[in-house]
Amino acid sequence: MLVAWSYLCSAADHHSVTLHGGPSHDGRYLSFVDGATGELAIRETATGLSRNITTKPAGSKEFAYFSSISRDSRKVAYAWFNDEGFYDLRVVDIDGSNRRVLYRNEQAGFVQPCAWAPDGKQILTLFFRKDNISQIALVPVDGGPPKILRSLHWVYPKRMDMSPDGRFIVYDSFAATDAGERTIFLLAVDGAKETKLVDKPGNHLFPLWTPDGRSVVFISNQDVMSVRIEDGRVLGEPKLLLRDPGRILPMGITSDGNYYYGVRSGEVDVFVTDFVNPAARAKRLTLRFPGRNSSPAWAPDGKSLAYLSRRGTENFGQESRTIIIRTFAPDEERELPIKLAHIERVRWAPDARSILVSGSDNKGRGGLYSVDLQTGSLRPLVVEAGASFRGFEGVWSADGKSLFHIHGDSGLRLGDKVLFQAQGLRNLVAAPDDRSLAFCEGDDIVIVPMDGRVTRRVPMANVNELEWGSSLIAGTGSDLWEIPKDGPPRKLAAPANRQTGMSLHPDGARIAITAGRISSEVKVLKLSLK
Amino acid sequence: MWICVLLLAQIVPIPAGLDIFLPAPDANPLTIEKIKLGRQLFFDKRLSRDRSMSCASCHDPKFGFGDSRKLAVGVGGKLGSRRAPRIVNRVYGSSFFWDGRASTLEDQVLKPISDPNEMDLGLAEAVSRVGLEESTLRNALASYVRTILSGDAPYDRYLQGDRTALTEQQRFGLKLFSGKAGCASCHVGPNLTDERFHNTGIGGPADDGRFSVTRKPEDQSAFKTPSLREVALTPPFMHDGSLATLEDVIEFYDKGGKPNPNLDSDIRQLHLSAGEKQALVALLKALSGKIREGP
């Protein structure tokens with residue numbers, strides 16, 4: 001079935017190409033989001049020329065996200081983060097004219113247009129509600145309420161698609177209750193029937209119909225596979241199309257069988273290095289898992305370090321991560337077996353017996369959890385449905401008696417007590433002397449004593465992280481800045497490819513940093529449809 | 001057959017807020033004939049030993065196809081140990097009875113007929129009385145139950161974008177439901193149940209609950225999360241009917257359930273204010289909508 005693959009474009013060809021769109025049915029266009037502006041854009045595949053087809057007001061924080069081009073290549077459906085802070089489903093003509101809101105409902109949550117019905121009258125759309133329900137919906141193009149075909153608890157299908165005859169939908173979801181692995185389901189559009197397309201062990205996801213409607217192409221573990229379908233039933237065994245193309249995000253299949261997919265390449269890793277000259281003597285930390293690590297955190301005694309290590313090959317949404325504990329005497333690392341859907345960051349408890357984890361569980365609840373280092377047992381500390389999958393940012397006081405956290409949009413808290421009320425707080429850290437906290441609010445670094453009263457504001461834009469060791473350190477882009485007790489910030493040496501995620505060693509002389517580069521490319525695999 | 005099923009699925013009107021997908025096993029697809037027959041059988045008192053009660057005696061349409069009594073009452077006034085649950089939207093279910101001892105409606109619908117504490121009629125006698133094969137009786141009852149649907153509640157209309165469908169207090173209740181109160185950890189999705197089993201401490205250790213099915217210690221006294229659809233119609237509450245009002249239910253969860261070694265890890269003290277408790281009760285009352293049944 002595979003004939004050849006070709007390279008289409010990359011982030012280097014066009015500034016900040018994102019992979020959240022797809023090709024038109026005739027292959028003339030590729031929709032994507034211009035990562036620099038947040039506008040929806042179209043690339044003409046024959047010429048390589050791109051143009052934005054949305055225009056947002058100056059200074060607006062609105063942006064486009066997922067998109068899907070109609071089968072006649074005349075319209076594009078897209079998700080738009082609107083001025084009220086939630087996502088609309090919108091439609092625009094391919095030339096940028098006739099922009100309109102098709103569905104605007106804050107309660108629908110996140111919206112992802114996935115495919116157009118063959119007659120162009122409905123758009124297959126995924127809603128992801130605040131209560132962690134995803135819904136497979138058909139949204140009428142001419143107005144009217146959406147039809148909810150199927151609701152799924154605590155799972156977000158990575159992809160879904162409609163058959164060319166409009167009778168069936170394929171999507172991926174967990175294979176069984178409490179299963180971590182996904183498989184492919186086929187759902188009749190009238191809701192009369194649902195069947196499991198792939199009933200084998202493994203992680204099966206990102207299903208797309210071939211244009212003849214006779215096969216579904218999907219990712220199976222690391223490989224691209226296809227399975228024959230006839231009248232909603234599986235014919236034979238899945239077949240291998242392409243072995244291990246890397247971290248892949250399927251985008252669509254054109255009428256002549258070109259399978260478009262994005263590939264993420266490059267490495268990010270954790271390095272331990274000298275604080276004063278970090279680029280000079282950096283040493284890769286991991287013993288066994290190179291190229292996929294981030295978010296280091298030194299233990300209070302400086303004898304071990306926790307970090308996050310990516311698992312799986314998915315190139316979309318929440319990465320699958322695990323916690324690694326690296327010790328230096330002896331030189332070992334071990335993986336903590338914990339059951340969380342997403343781990344955003346880790347911090348040590350002051351007694352070094354447990355790890356404080358920001359993330360979300362398998363019921364879609366986000367928050368802060370404590371993981372026992374010996375047993376791996378998980379204890380929710382502050383957990384709520386409706387919280388971000390990234391969880392809450394939290395820090396223990398040095399005496400281990402108080403847990404401070406940034407609670408969604410309602411400010412800095414100690415337990416239920418609100419210490420500092422404001423929206424959009426981020427990058428919470430505690431001073432080692434247990435007297436102060438620091439966090440970012442807008443373009444300021446705010447320093448407060450433990451009771452939340454502001455003692456100092458340091459203007460600094462685009463801070464992506466803070467760390468507090470012998471001094472307060474801020475990261476902006478790849479740069480690092482020391483924030484002295486008095487006076488202006490002082491720029492520190494930092495590798496040009498530094499990424500978010502650092503931890504100062506208790507000795508003040510060493511630092512663990514995250515560094516590397518990840519880039520995205522769009523490639524095309526030619527499928528034989530015979 | 002495939003064409004026939006397609007048409008029939010469109011005949012059952014789906015209330016707003018519910019999925020169009022109506023799961024039914026390949027061996028028992030929905031047909032109008034089976035639904036009609038199932039409806040007759042559901043109200044047929046010949047299916048109890050003394051011909052005094054039908055399925056509808058405990059699953060009364062007036063009470064959201066549930067029961068107004070604290071505990072189920074069988075033939076001869078036999079008192080059960082658990083409540084008769086509301087059976088709206090069971091088409092979306094994946095476990096049945098409070099302890100989940102049935103995994104399909106086909107597996108479930110005949111058990112109350114032969115249960116000595118319920119209708120107390122042997123299946124051989126039951127099929128003889130109604131003149132049907134056992135499989136016909138089973139499939140027809142299951143098909144009818146699949147058409148008992150509740151939706152189009154103020155809650156549904158609000159989620160579909162009608163910002164006026166819920167009062168301000170109910171909207172606050174909805175925020176608590178998914179947030180601070182953590183109700184949505186178990187009462188999830190359009191049918192407001194995860195179909196799983198949880199020990200809240202209600203009823204104490206006397207009733208084994210899910211343990212009687214799985215024999216797993218962690219399932220001791222765990223019971224299935226009921227749907228909250230039409231919940232306000234059927235006080236008292238919980239599987240043993242031990243809480244008289246919705247206010248009592250909220251109070252119970254606010255205190256973190258009843259401590260016991262198997263208490264579900266999701267049950268914890270909530271520290272709700274009086275206003276928050278009232279908002280949650282107001283939301284629960286917005287879960288009553290339109291009930292439909294039959295073809």
- Somewhere in the stretch B:26-36, is a residue touching a helix residue (DSSP H, G or I) at 6+ places or on another chain (Cβ under 6 Å), closer than 17 Å to residue B:109 by Cβ and part of a helix (DSSP H, G or I)? yes
- Query: If you go through the stretch B:201-218 one residue at a time, do you hit one that is in the same structural domain as residue B:266 (by TED's automatic domain parsing), touching a strand residue (DSSP E or B) at 6+ places or on another chain (Cβ under 7 Å) and of a type in the set (D, E, K, R)?
  - Reply: yes
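Let me confirm something: among B:224, B:258, which residue is of a type in the set (Lys, Arg), in contact (Cβ under 8 Å) with a residue 12 or more places away in the chain and buried (at least 18 other Cβ atoms within 10 Å of the Cβ)? Step through it out loud before you land on a result.
Details: B:258 fails: buried (at least 18 other Cβ atoms within 10 Å of the Cβ).
Just a single option satisfies the conditions, and that option is B:224.
Of everything in the stretch A:85-100, what is outside any strand (DSSP E or B) and under 22 Å from the mean Cα position of the chain (by Cα)? Give them in sequence order.
The initial filter retains those residues of the stretch A:85-100 that are outside any strand (DSSP E or B), namely A:85-86, A:94-99.
Hits for the stretch A:85-100 are A:85, A:86.
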- In the set B:137, B:141, B:149, which member is among the aliphatic types (A, V, I, L, M), buried (at least 22 other Cβ atoms within 10 Å of the Cβ), touching a Pro at 6+ places or on another chain (Cβ under 8 Å) and modelled with pLDDT of 95 or more? B:149
- Note on the structure: When residue A:192 is run through (1) within 12 Å of chain B (Cβ to nearest Cβ); (2) touching a Ser or Thr at 6+ places or on another chain (Cβ under 8 Å); (3) assigned to a loop (DSSP other than H, G, I, E, B), the failure sits at (2)
- Task: Only strands (runs of 3 or more DSSP E) wholly contained in the stretch A:379-461 count here; list those with 1 or more residues that are within 14 Å of chain B (Cβ to nearest Cβ).
- Result: A:412-414, A:417-420
- Message: Can you pull out every residue in the stretch A:412-425 that is more than 20 Å from residue A:401 (Cα to Cα) and open to solvent by less than 60 Å² (accessible area, probe 1.4 Å)?
- Response: A:422, A:424, A:425
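Which residues, taken from the stretch B:153-184, are among the charged types (D, E, K, R), open to solvent by 30 Å² or more (accessible area, probe 1.4 Å) and within 13 Å of chain A (Cβ to nearest Cβ)? Quick ask: steps written out before the conclusion?
Within the stretch B:153-184, the first condition is being among the charged types (D, E, K, R), and the residues that meet it are B:156-157, B:162-163, B:168, B:171, B:175, B:180.
Retained after the next criterion (residues that are open to solvent by 30 Å² or more (accessible area, probe 1.4 Å)): B:157, B:162-163, B:168, B:171, B:175, B:180.
Hits for the stretch B:153-184 are B:157, B:162, B:163, B:171, B:175, B:180.
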- Message: What are the pairs with Cβ atoms under 7 angstrom where one residue, in the stretch A:413-436, is of a type in the set (Asp, Glu) and the other, located anywhere, is surrounded by 15 or more Cβ atoms within 10 Å (Cβ to Cβ) and assigned to a loop (DSSP other than H, G, I, E, B)? Sequence gap at least six, or different chains.
- Response: A:434/A:397; A:434/A:398
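Take the residues in the stretch A:101-115 that are of a type in the set (A, V, I, L, M, F, W, C) and assigned to a strand (DSSP E or B); name whichever of them is most open to solvent (accessible area, probe 1.4 Å). Reasoning before the result, please.
Going through the stretch A:101-115, the residues of a type in the set (A, V, I, L, M, F, W, C) turn out to be A:101-102, A:108, A:110-111, A:114-115.
From the residues that got through so far, the ones that are assigned to a strand (DSSP E or B) too are A:101-102, A:110-111, A:114-115.
Values: A:101: 67, A:102: 24, A:110: 39, A:111: 1, A:114: 6, A:115: 6 Å².
The selected residue is A:101.
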- Can you tell me how many residues in the stretch A:215-246 are surrounded by fewer than 17 Cβ atoms within 10 Å (Cβ to Cβ) and within 25 Å of residue A:70 (Cα to Cα)? 3
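The values are calculated or read from the model by the stated rules, or taken from the named source; none is laboratory data. This is a predicted model, so every value here is computed, not measured. Here the Cβ is made from the backbone with ideal geometry for all residues, glycine too, and neighbour counts use every protein chain on show. SASA here: full protein model, heavy atoms, side chains in, ligands and nucleic acids out. Shrake-Rupley method; radii C 1.70, N 1.55, O 1.52, S 1.80 Å.
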